[in-house]
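Have a look at the structure below before the remarks.
The values are calculated or read from the model by the stated rules, or taken from the named source; none is laboratory data. On a predicted model such as this, the values are computed, not experimentally measured, just so you know. We place every Cβ from the backbone using ideal geometry, glycine too, and count neighbours over all the protein chains shown.
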Amino acid sequence: MMVEDRLSIMPDELIHKILFCYDMKFAVQTCLLSSRWKLVWTLMPCLDFSSRQFCTLHKFAEFVTHVLSRRNHQIEVSFVKLDFYGAADQDFVREIANYALSHNVQQLTVSSSFSNSRQVYPSCLFRSQSLKHFTLTCNYMRLFTTKTEAPLDFPSLTTLNLSYIILSGDVFSKCVNLKNLTLEWFTIKDVEVFDIITPRLSNLMLIHGRRSIAINVNAPQLQNLTISNCYFSSLNVPPGLSSLCYTFQMSPCSFVQFSNDQFHSLNKVTICLSDCYPTMPWNEEGARKIINTLQQLHSARYVTLNADIVEYIALFPYLFSQYPSPFSNLICLTMDCRKKKDAVIVTKSSEARNFFLENSPSATFTMLLPKVLTLIRIIYSSLPCR
């Protein structure tokens, strides 16, 4: 009885998908196990290089040269992933970048781990006619390891993710088709006003920005904005913004200054008080800052506030008579209490809730409770009446 060799009859496309679940070293080694698979790795359109499987960078660099020199050069590269430990100016970084970009790569992810405070990548990494998705990050927990000054030259790019990076000058103006931009753990130097000029940008995420400067977002098609724990003196965004997610800390210079007439058509707003500084004292000045921030978002229709914001404001109930209700266009107000371990916030929230709903009496109110409290409420409601 002959046993059917199901592995050998698999199409190359399926084999490529299986092998891409692992790095290139594993892919090459696996292909050596079968004469049918022997050259399959040379046809793979997705390449994953990781130095973690090598004892030295020299051996890793030799492996990179081996793979790229023996690969079928008629096959274009759709996705390249590079993960390495060491300085970014290594020859293999330039070799991989040049090969990928010369083979019309569309998605490129570069992740490095290095203990020095500054990484310098080869300039070829920052220009491509074909690239559509680019991610550049650092795994070492040291801030601002990469610096870029010249504009990124990616005319086809639609998604860009940068983290642990220093930005300066005009960076994004040549990314004319950019739709999604994420900046995480970043700082801005040498300018007092930083311009993000992207004519087709739709989604912008700013996470852990570390310098109190003004940021001007020149992106007329921007729809969704996320700001988390950033230190900006002011932020200017286009008036057509539809969705805002804003997380801040109760610490000095933690509030982004918005303009009262900046938001005309906000649909969905989520505001959260971060718990990064749980020991910071809750005082009246902080409560006033929170109310002022909410009033700058007066056009919002669907608003979600985390429980810490409501609890903070509720400590100073006399402020409700000193300020007008911040929202005038509410359809739904949601209080997110899922991180609370008890129901104390429920009893504290009534005055704050009335304050928020004062100018929108027909708006609905929803409270998201922790699973334990939700379960208790379900059990209680199912008990027979006495």
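One table, with the values for the structure above:
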quantity: LEU82 being surrounded by 12 or more Cβ atoms within 10 Å (Cβ to Cβ), of a type in the set (A, V, I, L, M) and part of a strand (DSSP E or B); calculated: yes
quantity: Pick from segment 14-52, criterion in a helix (DSSP H, G or I) and of a type in the set (Ser, Thr, Tyr), ranking: modelled with the lowest pLDDT; calculated: THR30
quantity: Some residue of segment 202-210 being in contact (Cβ under 8 Å) with a residue 24 or more places away in the chain, buried (at least 16 other Cβ atoms within 10 Å of the Cβ) and assigned to a loop (DSSP other than H, G, I, E, B); calculated: no
quantity: Residue that is farthest from the chain's Cα centre (by Cα) [pool: residues in segment 152-204 that are within 15 Å of GLN107 (Cα to Cα) and among the β-branched types (Val, Ile, Thr)]; calculated: THR158
quantity: Unmet requirement for LEU82, which otherwise passes all of (1) of a type outside the set (D, E, K, R); (2) at pLDDT 90 or above; (3) in contact with a helix residue (DSSP H, G or I) (Cβ under 7 Å, 6 or more places away or on another chain); (4) farther than 23 Å from HIS133 by Cα; calculated: (4)
quantity: Of all residues making up segment 125-141, the number that are surrounded by 19 or more Cβ atoms within 10 Å (Cβ to Cβ), modelled with pLDDT under 90 and in a loop (DSSP other than H, G, I, E, B); calculated: 0
quantity: Test: GLU62 is more than 28 Å from THR158 (Cα to Cα), modelled with pLDDT of 80 or more and not in a loop (DSSP other than H, G, I, E, B); calculated: yes
quantity: All positions within segment 319-362 that are modelled with pLDDT of 85 or more and closer than 19 Å to GLN249 by Cβ; calculated: ASP336
quantity: Matching residues, segment 63-78, being crowded, with 17+ Cβ neighbours inside 10 Å and free of Cβ contacts under 8 Å to residues at least 40 places away in the same chain; calculated: PHE63, VAL64, LEU68, ARG71, VAL77, SER78
quantity: Residue in segment 311-318 that is at pLDDT below 90, assigned to a loop (DSSP other than H, G, I, E, B) and farther than 23 Å from SER362 by Cβ present; calculated: yes
quantity: 3 or more residues under 30 Å from ARG200 (Cβ atoms) and either at pLDDT below 85 or not β-branched (Val, Ile, Thr) (or both): qualifying strands (runs of 3 or more DSSP E) within segment 226-300; calculated: 234-236, 243-248
quantity: Failed criterion for LYS174 (all others in (1) crowded, with 16+ Cβ neighbours inside 10 Å; (2) modelled with pLDDT under 90 hold); calculated: (2)
quantity: Subset of segment 181-201 (residues that are touching a strand residue (DSSP E or B) at 6+ places or on another chain (Cβ under 7 Å), modelled with pLDDT of 90 or more and surrounded by fewer than 17 Cβ atoms within 10 Å (Cβ to Cβ)); calculated: GLU184
